[in-house]
1. Condition first: at pLDDT below 95, more than 30 Å from Ser197 (Cβ to Cβ) and touching a helix residue (DSSP H, G or I) at 6+ places or on another chain (Cβ under 8 Å). Can you find one or more residues in segment 42-64 that meet it?
2. Can you list the strands (runs of 3 or more DSSP E) lying wholly within segment 120-234 that have 2 or more residues being farther than 25 Å from Ala42 by Cα and touching a His at 6+ places or on another chain (Cβ under 9 Å)?
3. Counting only residues that are under 10 Å from Ala83 (Cα atoms) and either among the small types (Gly, Ala, Ser) or touching a helix residue (DSSP H, G or I) at 6+ places or on another chain (Cβ under 7 Å) (or both), how many does segment 104-124 have?
4. Within segment 151-173, work out how many residues are in contact (Cβ under 8 Å) with a residue 40 or more places away in the chain and open to solvent by 10 Å² or more (accessible area, probe 1.4 Å).
5. So, in segment 186-212, exactly how many residues are within 19 Å of Trp66 (Cβ to Cβ) and touching a strand residue (DSSP E or B) at 6+ places or on another chain (Cβ under 9 Å)?
6. Would you pick out the residues in segment 90-119 that are closer than 28 Å to Arg161 by Cα and open to solvent by 40 Å² or more (accessible area, probe 1.4 Å)?
7. Please name all residue pairs, on different chains or six or more residues apart, with Cβ atoms under 6 Å, provided the first residue is in segment 212-224 and is farther than 21 Å from His94 by Cα and the second residue is polar (S, T, N, Q) and in a strand (DSSP E or B).
8. Please go through segment 205-234 and pick out each residue that is among the aliphatic types (A, V, I, L, M) and in contact with a helix residue (DSSP H, G or I) (Cβ under 8 Å, 6 or more places away or on another chain).
Amino acid sequence: MAGRFGQGLLGPRRTGHALPAEHLPALSLPIGDDGVVVGNDAEGRPQVVGFHHPTAYDVVLIGGLWTAQVLALRLAGTGARVAVETGRAQAWTHLVQAAGAGQECISLYDVGRVPPLGPTVSSPVLVVRDCGMRPPRGRVAAMPWQSVLTLLPYLSPVAPRLLRGAALVGVQRVSPDEAQQIGRIMQLPRQEVEALSTLGDGVTLWCTRRERHYAVTQPTDAESGLLGTPRRLD
């Protein structure tokens, strides 16, 4: 069974279906707008994060642009609207053009220029804040059916405040000193703290103060063609 954390709405109940066991490998299971696969665990099981909630939901990712862009693509693929607030529009333009297929499913905004987006249960929103080491307080905050993902390339002076207020935190490879600080804030055990400075590209520790899940993000062919291979640094 897929690991789940940060769950959204449960889907509608339907009658069961039977399938011979030998046919199971051929199944492709789409992830609806209650969650997306962020990667696989060490046993190859998909790890699913629900981003859409009836309450405000803040996510902080201390990591690379590559992972944030994969998440934006996957959320857009579920039908969510994605708004990217960024000071480096050139890093997102190709992705936005490729993802839209003639529709504006991902939109770019300058820092501080994200308008009200009107999220609803049938039209949820993800706001990606790619605003550097010291992102200013956003005009558009998390609210019901509108989650906010703040990308930090490294641990910055504003990071402790953001981590303490986040419902979910993703951490990619950081320095040993940064790992110690993150460990104190997120109440991580020693073995997790020591692992944070050795994580490979594409590996993220998704955690709250009660749950911890490692996920290795493997891009699809379309994602790798658009974004390249997993990388921590941009």
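1. no
2. Working: elements: 125-130, 146-152, 168-171, 203-207, 212-216.
The strands (runs of 3 or more DSSP E) meeting that bar are 125-130, 146-152.
3. Selection size over segment 104-124: 4.
4. First pass over segment 151-173, keeping only residues in contact (Cβ under 8 Å) with a residue 40 or more places away in the chain: 151-155, 159, 162-163, 165-173.
Subset that is open to solvent by 10 Å² or more (accessible area, probe 1.4 Å): 153-155, 162, 165-167, 173.
Residues meeting the conditions: 8.
5. The qualifying residues number 8.
6. Within segment 90-119, the subset closer than 28 Å to Arg161 by Cα is 91-92, 106-119.
Hits for segment 90-119 are Leu108, Tyr109, Asp110, Val111, Arg113, Pro115, Pro116, Gly118.
7. Once the first residue is farther than 21 Å from His94 by Cα and sits in segment 212-224, its partners that are polar (S, T, N, Q) and in a strand (DSSP E or B) give His213/Gln47; Ala215/Gln47; Ala215/Thr204; Val216/Asn40.
8. Initial filter on segment 205-234 (among the aliphatic types (A, V, I, L, M)): 205, 215-216, 222, 226-227, 233.
Matches in segment 205-234: Leu205, Leu226, Leu227.
The values are calculated or read from the model by the stated rules, or taken from the named source; none is laboratory data. Every value quoted in this text rests on a predicted model; they were computed, and no experiment measured them. Here Cβ is always computed from backbone atoms with ideal geometry, including for glycine, and neighbour counts include all displayed protein chains. Quick note on the areas: whole protein, heavy atoms, side chains included, nothing else; ligands and nucleic acids left out. Shrake-Rupley method; radii C 1.70, N 1.55, O 1.52, S 1.80 Å.
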